[in-house]
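Participant: Handing you this structure, nothing more for now.
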Amino acid sequence: MNRILYALCGADRSRPFSPHVWKTVLSLAHKGLDFKTAPIGFTQIPVIEDAATKTVPLLRDGDRLVSDSFDIALYLERTYPERPSLFGGKGGEAMARFIESWSQTTLHMALTRIILLDIHDRLAPVDQAYFRASREARFGTTLEAVVETGAKAELETFAVKLEPLRTSLKRQPFIGGEAPLFADYIVFGALQWARITSPKTILQDGDPVKDWFERCLDLYDSVGRSVTAA
Ligand SMILES: N[C@@H](CCC(=O)N[C@@H](CS)C(=O)NCC(=O)O)C(=O)O
């Protein structure tokens, strides 16, 4: 098969954890496209496919290479238009951009402060050194200090941040309506990242967001459950 998805893993190469890679896993499953996963660590990203990318996901589809989870979804939509749509039209594409911004600025920012050390602890030693140096430069402090000062408060307020999603899920089973769209996979990716890397409880039982997340884990022969929770 000549469709390969490069997926970020820790020391255990059977546990891809990147939120953006998970968006692509579900995008490919949504389109019914088979692929092979190529597990890599952080420090391998800049050298794969002749230095084609600085970030994952990277998808090889025959002789095409596409990076960035949103660009990959757009590529799949245009290349395989006869298969189920990931966006439901141009308006859906534009609205998925809003969901991406919300997920990135609100959910990822909070989750990072909660799971940063858990991610670090699961990486291979060479990747731990890179991760610590790059993230400590970004935060201007140690990984330990980020989690020490941020995790408790972020955990306490995370449910409030999900309120816009919770309200809409009381009306419909998926962000996309009756069936999931790429917008669902964007938010799913963020929560799946936390599920795979951290034992901390992010979603509470009885929360409609948790019910929706479980529905997403069940999609496409439960591909999301192919990696167990931390
Ligand atoms: N906007 C990109 C973000 C991709 C991204 O940031 N990927 C992370 C892994 S979760 C990465 O490859 N980081 C490389 C690094 O930190 O060196 C997307 O949606 O694909």
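The values are calculated or read from the model by the stated rules, or taken from the named source; none is laboratory data. Worth saying up front: this structure is predicted, and the values here are computed from it rather than measured. For neighbour counting, all protein chains shown are included, and Cβ atoms are generated from backbone atoms with ideal geometry for every residue, glycine included. The accessibility values were calculated without ligands, DNA or RNA, using every heavy atom of the protein model including side chains. Shrake-Rupley method; radii C 1.70, N 1.55, O 1.52, S 1.80 Å.
Participant: Please indicate, with yes or no, whether at least one residue in segment 61-75 is open to solvent by 30 Å² or more (accessible area, probe 1.4 Å), more than 18 Å from the chain's Cα centre (by Cα) and not acidic (Asp, Glu).
Facilitator: Yes, segment 61-75 has at least one match.
Participant: While we're looking at this one, here's another question. Check whether at least one residue in segment 91-109 is more than 14 Å from the ligand (Cβ to nearest atom), in the same structural domain as residue 195 (by TED's automatic domain parsing), open to solvent by less than 60 Å² (accessible area, probe 1.4 Å) and β-branched (Val, Ile, Thr), and report yes or no.
Facilitator: yes
Participant: A further question on this structure: For residue 127, indicate whether it is open to solvent by less than 20 Å² (accessible area, probe 1.4 Å), more than 18 Å from the chain's Cα centre (by Cα) and at pLDDT 95 or above.
Facilitator: yes
Participant: Being closer than 28 Å to residue 88 by Cα and either touching a residue at least 12 places away in the same chain (Cβ under 8 Å) or not acidic (Asp, Glu) (or both) is true for just one of 218, 211. Which residue is that? Quick ask: steps written out before the conclusion?
Facilitator: Values: 218 fails: either touching a residue at least 12 places away in the same chain (Cβ under 8 Å) or not acidic (Asp, Glu) (or both).
211 is the lone residue from the list that is closer than 28 Å to residue 88 by Cα and either touching a residue at least 12 places away in the same chain (Cβ under 8 Å) or not acidic (Asp, Glu) (or both).
Participant: In segment 65-72, is there at least one residue being touching a residue at least 24 places away in the same chain (Cβ under 8 Å), of a type in the set (Gly, Ala, Ser) and more than 9 Å from the ligand (Cβ to nearest atom)?
Facilitator: For segment 65-72, residues touching a residue at least 24 places away in the same chain (Cβ under 8 Å), of a type in the set (Gly, Ala, Ser) and more than 9 Å from the ligand (Cβ to nearest atom): absent.
Participant: Can I ask one more? Tell me whether segment 28-46 contains one or more residues that are free of Cβ contacts under 8 Å to residues at least 24 places away in the same chain and either surrounded by fewer than 19 Cβ atoms within 10 Å (Cβ to Cβ) or over 30 Å from residue 128 (Cβ atoms) (or both).
Facilitator: yes
Every residue, every condition in (1) assigned by TED's automatic domain parsing to the domain that holds residue 14; (2) at positive phi; (3) surrounded by fewer than 16 Cβ atoms within 10 Å (Cβ to Cβ); (4) part of a helix (DSSP H, G or I), yes or no:
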residue: 154; (1), (2), (3), (4): no, no, no, yes
residue: 157; (1), (2), (3), (4): no, no, yes, yes
residue: 167; (1), (2), (3), (4): no, no, yes, yes
residue: 180; (1), (2), (3), (4): no, no, no, no
residue: 185; (1), (2), (3), (4): no, no, no, yes
residue: 190; (1), (2), (3), (4): no, no, no, yes
